Amino acid sequence: MKKSVSNHPGFFVVFEGGDGAGKSTQVKKLTQKLESLNETVVLTREPGGTELGKKIREILLDQDEFEVTPRMEALLFAADRSINMSQNIKPALEKGFVVIADRHIDSSIAYQGVGRGLGADTIEDISRWAVQGIVPDLTVLLDVDANTGQSRLESKDRLDRESAEFHTKVNQAFRDLAKANPDRYIVIDASKPIDEIADLVFNAFKAKRK
Ligand SMILES: Nc1ncnc2c1ncn2[C@@H]1O[C@H](COP(=O)(O)OP(=O)(O)OP(=O)(O)O)[C@@H](O)[C@H]1O
Ligand SMILES: [Mg+2]
């Protein structure tokens, strides 16, 4: 994957990891921490970070009426991401804000590229094109084993309901992405206590933000 080249004054943090890893929990923790330090934080999630994106999210995750093929799934995620980048992420980074995203491109590489077998490189190319080349400054991988993650979920969406084998492949794909991009990744064992993880995340943020 291409190296991070920030030509904006903002800072882009992404939380990645399998289902139930604790991403949304840590997104909230980091937001609260940064806001208490007077940073302007823009929070977003994928899919569904924009009004149009919420409709795409419904098709992707919350319905069983229409069949969604793997290629459709990949393109819908990329479409959602393209809208989110141009409406939310890019403008905020250009204003110098911190953007925190609950999932981004690496989720598509892991779920559609590896989990669905469409090919990591193909999915990365589609996604990079969709986001006009902006790369996260810091990606936090909350590394969870599939059983722990699934056992934490109160309700399951269309992707959550995939097999244990699918989730194991996805989790390994995240680890491989982290290994291939050590300059922007921090990997945290997601079975640690919530506050301990939050401290590790904040330390990584401080070290990178400078
Ligand atoms: N480190 C942790 N230890 C134990 N439980 C946790 C931890 N982090 C989060 N949880 C709990 O696990 C559940 C799932 O957490 P959360 O919603 O943050 O995960 P997520 O990665 O956003 O899940 P999803 O993939 O479904 O969006 C919640 O009930 C949360 O309180
Ligand atoms: Mg979540």
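The values are calculated or read from the model by the stated rules, or taken from the named source; none is laboratory data. If you're wondering where the values come from, they're calculated on a predicted model, not measured in any experiment. Ideal geometry is used to build each Cβ from the backbone, glycine not excepted, and the neighbour counts take in all protein chains shown.
Numbers at a glance
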{"item": "Meets criteria (closer than 21 Å to residue 209 by Cα, of a type in the set (S, T, N, Q) and free of Cβ contacts under 8 Å to residues at least 60 places away in the same chain) for residue 147", "result": "no"}
{"item": "Scope the range 27-68; condition outside any loop (DSSP other than H, G, I, E, B), under 22 Å from residue 12 (Cβ atoms) and touching a helix residue (DSSP H, G or I) at 6+ places or on another chain (Cβ under 6 Å); matching residues", "result": "29, 30, 33, 41, 42, 43, 44, 52, 53, 56"}
{"item": "Search result, residues across the range 9-18 that are crowded, with 19+ Cβ neighbours inside 10 Å and either away from ligand 1 (no atom under 16 Å from the Cβ) or at pLDDT below 95 (or both)", "result": "10, 11, 12"}
{"item": "Residue selected from the range 69-81 under the condition surrounded by 18 or more Cβ atoms within 10 Å (Cβ to Cβ) and among the small types (Gly, Ala, Ser), by the criterion farthest from residue 11 (Cα to Cα)", "result": "74"}
{"item": "Among (1) over 19 Å from residue 123 (Cα atoms); (2) free of Cβ contacts under 8 Å to residues at least 12 places away in the same chain - the single one residue 179 does not satisfy", "result": "(1)"}
{"item": "Residue in the range 51-59 that is of a type outside the set (D, E, K, R) and either in contact with a Ser or Thr (Cβ under 7 Å, 6 or more places away or on another chain) or closer than 18 Å to residue 18 by Cα (or both) present", "result": "no"}
{"item": "Checking residue 5 against (1) modelled with pLDDT under 95; (2) crowded, with 24+ Cβ neighbours inside 10 Å; (3) among the β-branched types (Val, Ile, Thr), the condition it does not meet", "result": "(2)"}
{"item": "Any hit, the range 160-183, residues being modelled with pLDDT under 95 and in contact with a His (Cβ under 9 Å, 6 or more places away or on another chain)", "result": "yes"}
{"item": "Count of the range 17-53 residues which are under 19 Å from residue 156 (Cβ atoms) and of a type in the set (D, E, K, R)", "result": "4"}
{"item": "Only listed residue being β-branched (Val, Ile, Thr), at pLDDT 95 or above, buried (at least 17 other Cβ atoms within 10 Å of the Cβ) and under 25 Å from residue 202 (Cα atoms), chosen from 31, 40", "result": "31"}
